[in-house]
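A.B. asks: I am attaching a structure below and will ask some questions about it afterwards.
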Amino acid sequence: MKTDKIDILLVEDNVDDAELTIRALKKNNLANSILHIKSGEEALEFLFCQGAYEARNIQNVPKLILLDLKMPRIDGVETLRRIKWNERTKLIPTVILTSSKEDRDIMESYKLGANSYFVKPVDFKGFVDAISSLTQYWLELNQPPNKL
């Protein structure tokens, strides 16, 4: 996939959850361009134009990051920390999209600057409806700063 213009960066190590999310987004025509990345490490490489993404234009940032918490190597919490501590990426709306309802995960995510914390619904229809509402808000209704 061409990585110049990405509306949604989906960071999810579970292939089934990623496929459900992508299907829900495409069903509702809410994203022209989705990039699925399977680890926090790769997400950071993409955002900061390192490794396999070093030739990517760093000025092209996603409109929305959907970030899972429970991932190998660099988990979602550390990925979020690095995104929100960097001047170039801290304003990108970042939504935690996870199955964790643990209070410590919720608190830590908000402390680090998550824009929203979303627990994945179990049933498919509920998931599709929730993803539709969530992305419609962040992509169509939310007014981002001009610097993005």
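A.B. asks: Has the stretch 36-43 got any residue that is at pLDDT 90 or above and within 24 Å of residue 146 (Cα to Cα)?
C.D. replies: yes
A.B. asks: Looking at (1) within 14 Å of the chain's Cα centre (by Cα); (2) small (Gly, Ala, Ser); (3) on the phi < 0 side of the Ramachandran plot, find the lone condition where residue 100 falls short.
C.D. replies: Unmet for residue 100, out of (1) within 14 Å of the chain's Cα centre (by Cα); (2) small (Gly, Ala, Ser); (3) on the phi < 0 side of the Ramachandran plot: (1).
A.B. asks: Got a sec? Which of 88, 73, 23, 82 is farther than 22 Å from residue 109 by Cβ, of a type in the set (D, E, K, R) and over 13 Å from the mean Cα position of the chain (by Cα)?
C.D. replies: Being farther than 22 Å from residue 109 by Cβ, of a type in the set (D, E, K, R) and over 13 Å from the mean Cα position of the chain (by Cα) holds for just one of 88, 73, 23, 82, which is 23.
A.B. asks: Can you find even one residue in the stretch 99-121 that is modelled with pLDDT under 85, within 20 Å of residue 21 (Cβ to Cβ) and surrounded by fewer than 18 Cβ atoms within 10 Å (Cβ to Cβ)? Before the answer, list the steps.
C.D. replies: Here is the first cut: in the stretch 99-121, the ones modelled with pLDDT under 85 are 121.
Now narrow it down to the ones that are within 20 Å of residue 21 (Cβ to Cβ): 121.
Adding the requirement that they be surrounded by fewer than 18 Cβ atoms within 10 Å (Cβ to Cβ) leaves 121.
Checked the stretch 99-121: at least one residue is modelled with pLDDT under 85, within 20 Å of residue 21 (Cβ to Cβ) and surrounded by fewer than 18 Cβ atoms within 10 Å (Cβ to Cβ).
A.B. asks: Now for a different question. Need pairs with beta-carbon distance below 7 Å; first residue at negative phi and surrounded by fewer than 18 Cβ atoms within 10 Å (Cβ to Cβ) and within the stretch 42-57, second assigned to a loop (DSSP other than H, G, I, E, B) and of a type in the set (D, E, K, R); sequence gap 6+ or separate chains.
C.D. replies: 57/4
A.B. asks: So, of the residues in the stretch 64-98 that are polar (S, T, N, Q) and within 22 Å of residue 144 (Cβ to Cβ), which turns out to be surrounded by the fewest Cβ atoms within 10 Å (Cβ to Cβ)?
C.D. replies: By that ranking, first place goes to 86.
A.B. asks: Turning to a different aspect of this structure: Scan the stretch 18-71 for residues that are of a type in the set (A, V, I, L, M) and closer than 17 Å to residue 130 by Cα and report the count.
C.D. replies: 11
A.B. asks: If you scan the stretch 106-131, which residues turn out to be closer than 30 Å to residue 58 by Cβ and more than 16 Å from the chain's Cα centre (by Cα)?
C.D. replies: Scanning the stretch 106-131 gives 108, 111.
A.B. asks: Please identify the pairs in which a residue from the stretch 5-28 that is closer than 19 Å to residue 138 by Cα and assigned to a loop (DSSP other than H, G, I, E, B) has its Cβ atom under 7 Å from the Cβ atom of a residue that is at pLDDT below 90 and not polar (S, T, N, Q), counting only partners at least 6 apart or on another chain.
C.D. replies: Between residues of the stretch 5-28 that are closer than 19 Å to residue 138 by Cα and assigned to a loop (DSSP other than H, G, I, E, B) and residues that are at pLDDT below 90 and not polar (S, T, N, Q), the close pairs are 7/31; 7/139.
The values are calculated or read from the model by the stated rules, or taken from the named source; none is laboratory data. Computed from a predicted model, the values in this text were never measured in an experiment. All Cβ positions, even for glycine, are placed from backbone atoms using ideal geometry, and neighbour counts span all protein chains on display.
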